[in-house]
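Let me begin by presenting the structure, written as structure tokens, before commenting on it.
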Amino acid sequence: MQLKEISEKLNLKPLTNFEDREVQGVFIADMMTDLMTNAQAGNLWLTIQTHKTIISAANLVDISAIVITHGKTVPEETLELANRYNVVILSTELSTFQLVGKLIEIGLTT
């Protein structure tokens with residue numbers, strides 16, 4: 001499934017430059033070590049973390065995009081770094097649990 005399609009269907013707000021990508025599953029984690037050891041390239045990463053180290057972790061794993069849940073505010077330095085390294089960050093007011101339910105409804109699973 002394409003990132004643009006997911007974003008439009010679930011009303012995810014782009015916070016950085018948006019580049020459409022193929023999404024190949026979902027990974028949920030708030031610990032960087034969990035992401036780096038268990039996520040797969042092409043995953044959509046759901047998290048509440050907003051600090052700038054999420055960008056290096058996302059690049060390392062080559063995820064499709066980061067989705068910040070719970071309407072968390074992302075610091076400007078994180079957004080600038082994401083744009084510099086072409087990491088897409090999306091945002092939603094939904095909780096992680098609610099977003100997972102909607103992702104399943106549209107046919108995206110792990």
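If R0 equals 25 Å, the separation of the Cβ atoms of Ser56 and Ile104 corresponds to a calculated FRET efficiency of about 0.30.
Taken about its Cα centre, region 3-105 carries a charge dipole of roughly 80 debye when the Cβ of each Lys and Arg holds +1 and the Cβ of each Asp and Glu holds -1. For region 1-22 versus region 55-93, the spacing of their alpha-carbon centroids is 12 Å.
Quick check on region 40-110: take the gyration tensor over C-alpha atoms, sort the square-rooted eigenvalues as a ≥ b ≥ c, and tell me if it's rounded (a/c under 1.5), prolate or oblate. Cα axes put region 40-110 in the oblate bin.
How far, in nm, would the chain grow between Glu5 and Glu22 when pulled straight, counting 0.36 nm per residue and subtracting the alpha carbon separation?
On the way: separation 17, 0.36 × 17 = 6.12 nm, distance 0.99 nm.
Once the chain is fully extended between Glu5 and Glu22, it gains 5.1 nm.
The count of lysine pairs in the chain whose Cα atoms are under 14 Å apart, excluding pairs fewer than 8 places apart on the same chain, comes to 4.
Coordinate-derived values only; no laboratory data. None of the values given here were measured: they were computed from a predicted structure. Note that we place each Cβ from the backbone using ideal geometry, even for glycine, and neighbour counts take in every protein chain shown.
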